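One structure is given here, and the rest of the page talks about it.
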Amino acid sequence: MSNPYFDKVYKARSEQETRDLYDGWAATYDQAVQDEGYATPRRCAEALHATLGDAQAPVLDFGCGTGLSGLALRLAGFSTIDGIDLSPGMLEHAHEKDIYRTLTRIGPDDPVPTGYAAVAAIGVIGAGAAPLAALDRIFEALDPGAQCVFSFNDHTLEDPTFEALIDRRINEGQLRQLFREHGPHLPGKNMNSTVYAIEKV
């Protein structure tokens, strides 16, 4: 039987509806995505580990959800991870994993915390999730030399404005591309994602 949250998650909606959806999905989210072979967190964490080179450096897990992204970062070797998310329900489950140094609820218009060596936005930006403007806010919060690892799934890539923003900022010399690879996202649903690692210039 199809998971009802998968049927809803990629549809456009308000920020309040997004928070309510993820609050409702929090208890079963991990099992649902793991059953579909959720691969993007591991791919992002490994890409960041390869490009950043310092596993002790502090990493911000933006849109950490239930903590699957933080778990992937920890398994890749990162030891200092802070998480932020807009869903209280998701944050409760992230807290149970005992991965994060700090966990904080963030509002849709709150500033992105600064001072991190890297920000991870794994499976966060795109259709049915955080808007492209959130990625712009992450880029603005990065210090020069800091990195960001993020992903766009196939639903998101159907809208050319997402990749166009990345390409424009790279071409303008604001960002430097370190890694870009299209690969598995949810194999059980025949869905892929592109993983990016960039550095603020």
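All of the numbers you see were taken from the coordinates with simple rules; none came from a lab. Bear in mind the structure is a predicted one, so any value in this text is a computation, not a measurement. Here Cβ is always computed from backbone atoms with ideal geometry, including for glycine, and neighbour counts include all displayed protein chains.
From the phi of every residue in the range 110-115, what ³J(HN,Hα) in whole Hz does the Karplus formula 6.51 cos²θ - 1.76 cosθ + 1.60 yield, where θ is phi - 60° and glycine or proline is x?
Taking θ as phi minus 60°, the curve returns 5, x, 6, x, 10, x Hz for the range 110-115.
Put +1 on the Cβ of each Lys and Arg and -1 on the Cβ of each Asp and Glu in the chain; which of 193, 175, 51 then has its Cα farthest toward the positive end of the dipole?
Sorting the options by dipole projection puts first 51.
Could you give the size of the charge dipole of the range 71-110 about its Cα centre, using +1 on the Cβ of each K and R and -1 on the Cβ of each D and E, expressed in debye and rounded to the nearest 20?
Roughly 200 debye, rounded to the nearest 20.
Mind putting a number on the dipole of the range 4-200 about its Cα centre? Charges go on the C-beta only, +1 for Lys and Arg and -1 for Asp and Glu, and I need it in Debye to the nearest 20.
Once rounded to the nearest 20, the dipole reads 300 debye.
With runs of 4+ DSSP H residues as the only contributors, calculate the mean residue ellipticity of the chain at 222 nm using -39,500 (n - 2.57) per run, divided by the residue total and rounded to the nearest 500.
Dividing the helical sum by the residues of the chain leaves -12500 deg cm²/dmol.
Can you list residues whose amide H is under 5 Å from residue 191's amide H, if they're 5+ apart or on another chain and H is modeled 1.01 Å from N?
185, 186
Amide H of residue 104 versus every other amide H placed in the peptide plane: which residues, excluding those fewer than 5 positions away on the same chain, fall under 5 Å?
83, 84, 85
For the range 189-200, in order, what is each residue's ³J(HN,Hα) by Karplus, 6.51 cos²θ - 1.76 cosθ + 1.60 with θ = phi - 60°, in whole Hz (x at glycine and Pro)?
Whole-Hz 3J(HN,Hα) from phi for the range 189-200: 10, 6, 10, 10, 8, 9, 9, 10, 10, 10, 10, 6.
Rounded to the nearest 0.05, what FRET efficiency do residue 164 and residue 27 have when you use their Cβ-Cβ distance and R0 = 35 Å?
0.40
May I ask you to work out the translational diffusion coefficient for the chain at 37 °C, viscosity 0.692 mPa s, via Stokes-Einstein with Rh from the Kirkwood sum over Cα pairs, reported in whole µm²/s?
For these conditions, the coefficient is 197 µm²/s.
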